[in-house]
Amino acid sequence: MQPIRKYLSSVWQALFGDPVRAFGVVSLILLLALAIAPAKEHFSQWHSYQRKYLGLIRDRGDAISLRRRFEPGIHQIWLPELGVVDRCTTCHLGLKEASLSDVTQQPFRKHPVVPHSLDAFGCVICHGGQGQATTVVEAHHSERAGEEPILPTRYIESGCGQCHQNSLPGTPQLNLGRTMLSRYGCVHCHAVTRPDGSKVAATDHPPSLVHIADKTTREWLFSWLKDPQAYAASTTMPNFKLSDADASDISAYLVNSSSPKAGDTAADAKPAANADPAAGPSLYGESFCASCHSVQNAAGNLVGGDLGPELTRIGNKAKPEWLAAWLQNPRVYDSTTPMPHYRFAPQQIATLVAFLQTKSDSDYGSGVHLDAATPQQIAHGRKLIVELGCAACHEINGVQKPENFAPDLSAIGSKPLAQIVFLPGMEHSLPTYIAAKIRQPRAFGSSVKMPQFTLSAAQTDALTTALLALTARGRSMPDNLRVAAVPETNYQPAGPAGKLITELACFSCHRFNGRGGEMAPDLSWEGSSVQRQWLTNFLHNPNTLRPSLIRRMPRFNLSDSDNKELTDYILTVYQSPAIDADLVPAATNSADVVEHGRQLFYSKYACQSCHIIDTKTDKGYIGPTLTQVGSRLTAGWLYAWLKNPQALRPSTTEPNQNLSDEDAHALTAFLMSLKGSGGQGAKR
Amino acid sequence: MNTRLSAQTKFRVLAALAILPLTMLLCCKHSALPNAALKATAQGTALVESSGGHQVGATGTTLTDPLVVQVNDDQGTAVPGALVEFHGPSGVSFDPAAVLTDSSGQATTAVTLGTIAGRYQLSAMTPGKGKSVTLDTLEIALGYEQRVGSILADKYCSRCHDPESSPVRVSNYDNLEVKPHAFSEGNTLNKISDADLTSIILHGGPALNRSALMPPYGNTLSAPDIKAIIAYIRALSDPPYQPPGTVYARQ
C-alpha cells in the first residue's frame, strides 16, 4: 500500500506541484477532451465514404463542378408531412450526378431515372431502411424494434403503392398483386381497407353451394376438395390439405344440406341421332365460349379466357340435366353469374351438353367410393366447414358467413418484426415472412388454417409487393399526397333494355359509365359512334372487325324485339356530348374532297400500315378493317376520332396525328364513302 | 448516443475479430456443400443453351423463364447426371447454383437479376473430361425508366417493329412495304443519335426523310414516355450501345 501511495503522490507532485505546470496540464486535458468529437467524426464510416467519393471524382473530367456540388458533413432530407428524416445522401453522394452514370461502385451510383425527385420524397419511402442512421449496418440491416431493414429491389414497386392507390402504367407487379388480392379471393377472409376507407372487394365469384347437389355428385366434391388443381389446373380454389375422412365428411354435409331448386335441372334432351358429330365443337366455337372458358389442349397448355371456370374435365363434374338447365338460363341457378344468358334452342342445348360431356377424364376420381354418411359424420363435416371458414367464400345452407375470419391486412406492410414468429433459419425481414406465408402457409404450424394456393414465383412476388404497400405511412400521410383508386361505379341501366343488358352479362366484358370488364371496348359512347343498321346486324350476328383477336363477341340468338330494344337503348342513351351528330352530311362531300381524303390516307398519313381498305392491296393488321366503315360509323364520330382518338378512348394505340380541320374533314369524307362489299370505295 | 455508439464500435471490432475465422470456416463449408451433395454420375464434353438466355427483366427480379442448358457428349448425345454450375457477376443469383442434369441432359436454374440495370454476362460450367467446359449467355436488367419504355413499346411499337408473332400478338411486320428495324438491331439503331430517334418518334418517318408508314407519336406520347422508349431501345441494343460524350477518366 505504502509504495503505491508514495508513487501516486509523486505523480501528483510532478503534474500539479507548481501552478503554472498545473495550468498547462489542465489545458492539455481539456484540449484532448475537445478533440474527441472531431476525431470521432473523422474516423466515422460516413466520413470515410466522403473521402472515397472525393477520390473517385478527382480524376474525372468534370471534377471541378462535382467538387463544387459536394458538401462535406452529414446531409439530411427532412419531410415532416411524410415522416421522412433521411441521411442516406451523406454516403450516397452521386445520386443526383448525371455524369456519374458509368459508376457502378456503391454508395456512389447515380440514381436511376424515376418520376419523383429525391428532395421531395427522400429515400426510405421507397427503399425502407432507417433514414436517420449514419452507419451502413444501422441504415440497411437494422432489426431493432420499430425498425425495418432495407427493402429488396424485387419488391420496390410497393413503395409506389403507398400513395398511388390507382393502377400505374409503370408498376405492373404491384398492379398484378392488387388484382390478385381480389381475383384469388384473399379479401373474402382478410379484410383490406384502403387509406380512404374503401374496402378492397373480391372479384372471383365463388359459387354458391346452396343447391350443389343439383349440379354435381358427392364423389366429385370429395375429389375436388382433396385437390382442386387436379381437376382444373387454373382454378383459384386453394388446397386445404384435407384427410380422406375430412373431405368425405365435408362432401357429405354439402350434399346433405343442399336444397333442390325448381328449374335447376332440365330433361337432358339428347341430340338427334343423325346429328353431325362436328356440331358440338363448331357450336362451342361459334358461341365463343373460349372467350371466357379455357380447355387444356393435347400439349397441356390452357387455351381460352379465364373469366369463367376451366372446362377441361367438366364432364366429370356437371350432371347433364344440370348442364342443360344452366345453358338454358344460368341465372336460374346463380342470379349473379358473369355468364350470359344465350338464347339457345333446345337442340343446340342438347348438342352442347353432349359435347361438354365428352370433356372428361376417365381416370379422374375413378377410385373414389364413399359409403353413405352417418349423422355424426355429417355433423363433423359442418364443424369442419365452420372451422375452415368455407362460408367466407361460399354460400352454404346452415352455416353463417363468418366476419373477420382471418387477420386484417390493411397495415400488414408495417407489421413490426417483433410481432412475427419466424421459422428457424429464416431471414428476419417482413418481405421474407410475407412471401413465405403466401408460398406455404402451413409451414408455420399445423394449426394454421390458411390453405395452400397454387401460385407461380412471379405471382407470389406480386402479392407480396401489393401487401408490402399497405403501410402505416400510407395510412397516416395527408390526403392530398395520395392518389385515389378509381372505384367501380354502381351504374345500372334502366328498363327492359337494362334487364337485357344484365341477362346478357354485357358488363362481364364491356364497360359502361365506369362499371364493367375490360375484355371488350368501353360502350359508354357507343350510341354516338355507330349507325343503326350496322348495330342491329351486329347484334344479330357479330362478325368480328379484328380477325386476329382470339376473344370475340358471341352470338346470343336475340329475338328481333330484344334486338330492337337494345339497339334503341344504345343509340339514345350511350351518347357523347362531344360528338356532333350532324357533322359532315354525306351529301355535301364532293368527289374531289373524297379523292383528296384518299390521297391523305395512302400517302401523307399512310394509314394502310395499320388498316385495310382494299383487301387486295392493303395488309395492315393492327387497327380494325375499314372496308365498310362508311356503313358502320357516324361521320361525327369519325371526325372527332381522327382529331383526337385518345379523347374518345384513352387507351387506344392509334396515334393522334394532330390533323388540321381540313385534312380531318377530307379523311372523314373519304372513309364515309367506303360502304362495303370488298372495298369498292377505295378503288379508283 | 455517443457512448453507446463507441461501445458498440468496440464490441463490433472484437466480434468481427472473433467471427472472422468462424465465417471462414462456414464459408468453406458452404461452398463445398453443393458439390459434395451433388455426386455427378457422368461427364459431358459440350454445353449448349436450350432456353432462357437473352431475356429481359426488371432489376432485382427473377426472370420469367428459367435458364436451361444441356450437357452433350462427343456424339452430341445428351448426358444425364452431369454436374452444372452457374456463375454470374455480383448481384445475380441462381436457384439452384449447381445442379445435376436430368434424364434429358438438361440443367435448369431460376435466375434473379442484380439491382443495377444493364447486361449480365452469365456462364454455365460443367467439369468435362480433362478440362471443364463453359457456356456464356446474357440477360438484360431494365431499370424503372427502361421498363416503362418496354411497356410503352410493347403497346405502341412492337406490332410493327418486332417481326415475331405470339399467340396474343400477331406481328404486322410482314404487312409493311418498308421494313422497320427490331429495337435490338444495334448495328443500325446505335448509329442514330438520341435527337434523331426522338424526332422520328415525335414526327414520324418523314421527319428523317423516311417512310410515312412510321407514324408520329408526338401528340400521343409525352416527352418522358419517348425518353423512356429510347432508354429501352438503348438497353436492348445488340451490339451494346455506347453513349457518346465526354470521356470522364482523365488518364
Exercise. From A:Thr668, A:Thr652, which residue is among the β-branched types (Val, Ile, Thr) and part of a loop (DSSP other than H, G, I, E, B)?
Worked result: A:Thr652
Problem set entry | Hits in the stretch B:149-181 - residues which are within 8 Å of another protein chain (Cβ to nearest Cβ), open to solvent by 30 Å² or more (accessible area, probe 1.4 Å) and of a type outside the set (Asp, Glu) | B:Ile151, B:Lys155, B:Tyr156, B:Arg159, B:Pro167, B:Val168, B:Val170, B:Asn175
For this session: Tell me, yes or no, whether the stretch B:138-147 has at least one residue that is within 12 Å of another protein chain (Cβ to nearest Cβ), within 29 Å of A:Arg551 (Cα to Cα) and buried (at least 21 other Cβ atoms within 10 Å of the Cβ).
Result: yes
Seminar exercise, completed: Only unsatisfied item for A:Leu32, checking (1) loosely packed, with under 10 Cβ neighbours inside 10 Å; (2) more than 14 Å from chain B (Cβ to nearest Cβ), is (1)
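With under 24 Å from A:His127 (Cα atoms), open to solvent by 40 Å² or more (accessible area, probe 1.4 Å) and not in a helix (DSSP H, G or I) as the only criterion, which of A:Glu403, A:Glu427 stands out? Give the steps one after another, and end with the answer.
On the way: A:Glu403 fails: under 24 Å from A:His127 (Cα atoms).
The match here is A:Glu427.
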Exercise. Hey, any hits in the stretch B:56-73 for a residue that's within 14 Å of chain A (Cβ to nearest Cβ), surrounded by fewer than 16 Cβ atoms within 10 Å (Cβ to Cβ), within 24 Å of B:Asp238 (Cβ to Cβ) and among the polar types (S, T, N, Q)?
Worked result: yes
Seminar exercise, completed: Counting only residues in the stretch A:35-65 that are of a type in the set (A, V, I, L, M) and within 10 Å of chain B (Cβ to nearest Cβ), the one nearest to A:Leu93 (Cα to Cα) is identified as A:Ile57
Exercise. With respect to the numbered conditions (1) at pLDDT 90 or above; (2) within 13 Å of chain B (Cβ to nearest Cβ), which one is the sole condition not fulfilled by A:Ala120?
Worked result: (2)
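Kindly evaluate B:Ile200 against the criterion of being more than 9 Å from chain A (Cβ to nearest Cβ), modelled with pLDDT of 90 or more and assigned to a helix (DSSP H, G or I).
Numbers: more than 9 Å from chain A (Cβ to nearest Cβ): yes; modelled with pLDDT of 90 or more: yes; assigned to a helix (DSSP H, G or I): yes.
Judged against the criteria, B:Ile200 is a match.
Is one or more of the residues making up the stretch A:663-671 open to solvent by 20 Å² or more (accessible area, probe 1.4 Å) and out of contact with any Phe, Trp or Tyr (no Cβ under 9 Å at 6 or more places or on another chain)?
First pass over the stretch A:663-671, keeping only residues open to solvent by 20 Å² or more (accessible area, probe 1.4 Å): A:665.
From what is left, the residues that are out of contact with any Phe, Trp or Tyr (no Cβ under 9 Å at 6 or more places or on another chain) are none.
Within the stretch A:663-671, not a single residue is open to solvent by 20 Å² or more (accessible area, probe 1.4 Å) and out of contact with any Phe, Trp or Tyr (no Cβ under 9 Å at 6 or more places or on another chain).
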Problem set entry | Residue, least open to solvent (accessible area, probe 1.4 Å), within the stretch A:553-576, restricted to residues that are touching a His at 6+ places or on another chain (Cβ under 9 Å) and either farther than 14 Å from A:His540 by Cα or not in a loop (DSSP other than H, G, I, E, B) (or both) | A:Asn563
Problem set entry | Number of the condition not met by A:Ile412 [criteria: (1) in the same structural domain as A:Asp276 (by TED's automatic domain parsing); (2) more than 21 Å from A:Ser259 (Cβ to Cβ); (3) crowded, with 16+ Cβ neighbours inside 10 Å] | (1)
Problem set entry | Qualifying helices (runs of 4 or more DSSP H) (wholly inside the stretch A:134-235; at least 1 residues being under 29 Å from A:Gly300 (Cβ atoms), among the small types (Gly, Ala, Ser) and in contact with an Asp or Glu (Cβ under 8 Å, 6 or more places away or on another chain)) | A:172-183
Exercise. For A:Leu176, are the conditions met, namely being within 14 Å of another protein chain (Cβ to nearest Cβ), under 22 Å from the mean Cα position of the chain (by Cα) and open to solvent by less than 50 Å² (accessible area, probe 1.4 Å)?
Worked result: no
Exercise. Would it be correct to say that A:Ile57 is under 19 Å from A:Asp102 (Cβ atoms) and either open to solvent by less than 40 Å² (accessible area, probe 1.4 Å) or not assigned by TED's automatic domain parsing to the domain that holds A:Gly94 (or both)?
Worked result: yes
Exercise. Given A:Leu600, A:Leu642, A:Leu659, which one is part of a loop (DSSP other than H, G, I, E, B), surrounded by 15 or more Cβ atoms within 10 Å (Cβ to Cβ) and modelled with pLDDT of 90 or more?
Worked result: A:Leu659
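Restricting to helices (runs of 4 or more DSSP H) lying wholly in the stretch A:439-522: which have 2 or more residues that are more than 25 Å from A:Pro340 (Cβ to Cβ) and not assigned by TED's automatic domain parsing to the domain that holds A:Thr235? Give the steps one after another, and end with the answer.
Details: elements: A:457-468, A:472-476, A:495-503.
Of the helices (runs of 4 or more DSSP H) lying wholly inside the stretch A:439-522, those with at least 2 residues that are more than 25 Å from A:Pro340 (Cβ to Cβ) and not assigned by TED's automatic domain parsing to the domain that holds A:Thr235 span A:457-468, A:472-476.
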Exercise. In the stretch A:73-97, what residues are surrounded by 20 or more Cβ atoms within 10 Å (Cβ to Cβ) and either under 19 Å from A:Pro107 (Cβ atoms) or without any contact (Cβ under 8 Å) to a residue 24 or more places away in the chain (or both)?
Worked result: A:Asp86, A:Arg87, A:Cys88, A:Thr89, A:Thr90, A:Cys91, A:His92, A:Leu93, A:Gly94, A:Glu97
Problem set entry | Which listed residue is touching a helix residue (DSSP H, G or I) at 6+ places or on another chain (Cβ under 7 Å) and within 30 Å of A:Ala245 (Cα to Cα), from A:Gln377, A:Gln440, A:Gln459 | A:Gln377
Seminar exercise, completed: Within the stretch A:554-601, the residues that are closer than 24 Å to A:Gln646 by Cβ and within 14 Å of chain B (Cβ to nearest Cβ) are A:Leu600, A:Phe601
Exercise. Given A:Ser167, A:Ser142, A:Ser208, which one is within 14 Å of chain B (Cβ to nearest Cβ) and at pLDDT 90 or above?
Worked result: A:Ser167
For this session: Residue by residue through the stretch A:220-253, note down the ones that are more than 19 Å from A:Arg183 (Cβ to Cβ) and surrounded by fewer than 17 Cβ atoms within 10 Å (Cβ to Cβ).
Result: A:Asp227, A:Ala230, A:Lys241, A:Ser243, A:Asp244, A:Ala245
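The values are calculated or read from the model by the stated rules, or taken from the named source; none is laboratory data. Remember, predicted model here, so these are calculated numbers, not experimental data. FYI the Cβ positions are ideal-geometry reconstructions off the backbone, even for glycines, and counts take in every protein chain you see. Accessible surface areas use protein heavy atoms only, side chains included; no ligands, DNA or RNA. Shrake-Rupley method; radii C 1.70, N 1.55, O 1.52, S 1.80 Å.
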